[in-house]
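The values are calculated or read from the model by the stated rules, or taken from the named source; none is laboratory data. The shown structure was predicted, so the numbers you read here are calculated from the model rather than taken from an experiment. Glycine gets a Cβ as well: all are built from the backbone with ideal geometry, and neighbour counts include every protein chain shown. Accessible surface areas use protein heavy atoms only, side chains included; no ligands, DNA or RNA. Shrake-Rupley method; radii C 1.70, N 1.55, O 1.52, S 1.80 Å.
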Amino acid sequence: MLSIHKVFVFLLPFIGVGLATVSQNTTETELNVAHKNYLFYCAGCHGDKLEKFENKQWLYGSNEASIYKSIKYGQDEMGMPSFDAAFSESELRALAAYIKQGGFKSGAGAVASTKPTIIVSKEQRFIVDTVVTGLEIPWGLDFLPDGSMLIADRNGKMYHVDKNKKRIELSGVPKVIAKGQGGLMDIKLHPDYKSNGWIYFSYSAYADNATDEIGNTAIMRARLKGNKLIDQERIFKAQPDTKRRHHYGSKITFDNEGYLYFSVGERGEMQNAQTLENDCGKIHRLHDDGKIPIDNPFINVKNAMPSIYSYGHRNPQGLVFNPERNELWSSEHGPKGGDEINLIEAGKNYGWPEICYGINYNGTILTEFTEKEGMEQPEDYYVPSIAPCGMDINLGDKYPAWKGDIFMGSLKFKYLERVIMRDGKVAGHEKLLENIGRVRNVKLSPDGYLYIGVESPGKILKLIPVNE
């Protein structure tokens with residue numbers, strides 16, 4: 001679900017529905033109903049306090065008539081379904097009025113303070129330090145050998161932040177489709193970066209020779225020289241190209257043998273995930289130079305895309321390899337309910353959309369099945385959805401009580417999710433930093449500290465343990 005970032009960022013001026021005076025005829029009772037409908041159907045993508053409507057461009061028009069049209073008929077290319085079947089006519093009009101006037105004006109967009117007081121969780125005490133500010137949506141984060149950071153902002157900008165917290169924008173970044181959920185996404189250093197200097201990143205790339213904003217997820221590698229990316233090589237570009245603006249994936253990781261893994265969402269076309277003849281709704285595996293490994297599971301299957309490692313995925317925005325257990329883990333956005341944590345294995349089908357623990361955004365039934373033969377069950381799932389984004393495993397020694405646990409962001413509920421792991425199995429959950437903001441990214445630094453990327457406003461936070 002998180003998957004849809006601008007579901008109500010409506011555009012194209014509305015023509016002739018006669019709703020210019022909707023709000024004048026909307027009663028307090030109707031607005032109360034609209035508030036409840038908004039929280040149930042809309043808040044997962046747009047924030048409980050309408051955060052996504054603050055200081056944003058209204059892509060399809062900002063008057064109530066335009067808003068009404070987008071709710072009623074949907075905006076397919078943005079991944080927003082029609083809610084015509086979910087709401088009555090009066091509920092549609094009231095919801096448009098509610099959004100236009102900014103809810104109940106009850107402090108929308110407030111962000112929790114991050115002053116460094118000691119936070120006491122179940123098993124770990126820590127403080128939160130703000131290390132980088134001035135970002136928009138910090139999608140990707142990795143660390144150079146000297147301890148400085150590379151940050152990929154979804155708006156298409158990449159930054160180098162040195163140890164003195166000085167932020168410098170890098171040149172040489174490819175042009176990205178920075179609309180909807182697209183833009184500059186994950187970033188990952190090669191395991192042998194000190195020797196070869198390769199930096200890998202994912203982004204929403206334009207189709208070759210495109211005259212329109214059509215494209216798909218791509219993987220590029222480059223080297224850093226001063227403040228410029230050089231030696232750019234695009235080693236993967238997903239097919240088919242589409243105008244849709246959601247479900248790009250896309251996270252990057254390496255395994256113990258140096259193989260490169262990355263995720264591509266199904267781009268809002270559910271059945272993409274169940275065919276091997278395109279790249280969408282898959283996790284892929286390549287050599288570090290983009291060549292296809294000869295033992296990839298579908299390399300000898302007719303018409304199959306040879307880079308596919310697993311399939312049946314909706315929109316995996318978490319991907320991490322555990323070198324101690326030789327395991328590949330993923331977190332995946334479900335629709336309304338049904339977010340998943342998956343242990344990824346070669347050639348396996350993870351079921352989307354044939355099996356799912358969620359329903360459609362508009363409340364209709366997606367599938368009657370939660371399991372089928374030949375399709376993998378998640379290691380854990382979330383109902384309601386938390387909108388998981390970013391993923392890493394605490395394999396360091398800075399937080400001894402959290403050793404081996406998985407950490408993910410919750411975009412919807414704005415907290416850091418601790419997934420308690422015992423012997424490779426999910427054993428429990430803990431919410432950390434509630435109301436900190438939409439947590440977009442989680443990263444364990446080489447020296448063992450957890451960093452999180454937060455939206456609205458965009459910043460990078462560091463969790464400093466207090467172990468005495």
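Numbers below:
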| read-out | value |
| --- | --- |
| Relative contact order for the stretch 186-257, counting Cα pairs under 8 Å that sit 6 or more residues apart, in percent | 30 |
| Most positive-pole-ward Cα, I406, P145, S195, against dipole of the chain from beta carbon charges | P145 |
| Using a Förster distance of 30 Å, the FRET efficiency for K122-V383 (Cβ separation, nearest 0.05) | 0.85 |
| Spin-label pair D447/E368, simplified geometry with 7 Å Cα→Cβ offset, distance in nm | 5.9 |
| Which of I464, I420, I406 is most accessible, then next, and so on - probe 1.4 Å | I464, I420, I406 |
| About the Cα centre, charge dipole magnitude for the stretch 314-449 (Lys/Arg +1, Asp/Glu -1 at Cβ), debye | 540 |
| Net charge contributed by nearby residues that have their C-beta within less than 10 Å of L432 (K/R +1, D/E -1) | 0 |
| Relative contact order for the chain, counting Cα pairs under 8 Å that sit 6 or more residues apart, in percent | 13 |
| Unit charges on C-beta of K, R, D, E only; dipole of the chain, Debye | 1420 |
| Span-rule helices in the chain, defined as complete DSSP H runs reaching 15 Å or more along the axis (Cα) with Kyte mean at least -0.5 | 89-100 |
| Pairwise centroid distance, computed over Cα atoms, of the stretch 440-464 with the stretch 138-156, Å | 10 |
| Where labels lie 7 Å past Cα in the beta-carbon direction, separation of D255 and E327 in nm | 1.5 |
| In nm, spacing of pseudo-spin labels at N300 and V131 (7 Å Cα→C-beta vector) | 4.7 |
| CD proxy at 222 nm, helix term only [per DSSP H run n ≥ 4: -39500 (n - 2.57); per residue of the chain; nearest 500] | -2500 deg cm²/dmol |
| Probe 1.4 Å, accessible area per residue of the stretch 295-420, Å² | 35 |
| Computed E for K175/K462 - FRET, C-beta separation, R0 30 angstrom, nearest 0.05 | 0.40 |
| Rg/Rh (Cα only; Kirkwood hydrodynamic radius) as it applies to the chain | 0.96 |
| Solvent-accessible area per residue, Å², over the stretch 161-216 with all protein chains present [probe radius 1.4 Å] | 47 |
| Protein accessible area in the chain, 1.4 Å probe - carbon and sulfur % | 47 |
| Antiparallel DSSP beta bridges within the chain, as percent of all bridges there, nearest 5 | 100 |
| Alpha-carbon centroids, the stretch 220-272 and the stretch 340-384: separation in whole Å | 24 |
| Relative contact order of the stretch 336-468, pairs being alpha-carbon contacts under 8 Å that are 6 or more residues apart, as % | 17 |
| Per-pair calculated FRET efficiency, R0 = 41 Å: T29 and K163 via Cβ, rounded to 0.05 | 0.10 |
| Label-zone membership for the stretch 158-202, site D231, 7 angstrom Cα→C-beta point, backbone N under 18 Å | 171-174, 188-202 |
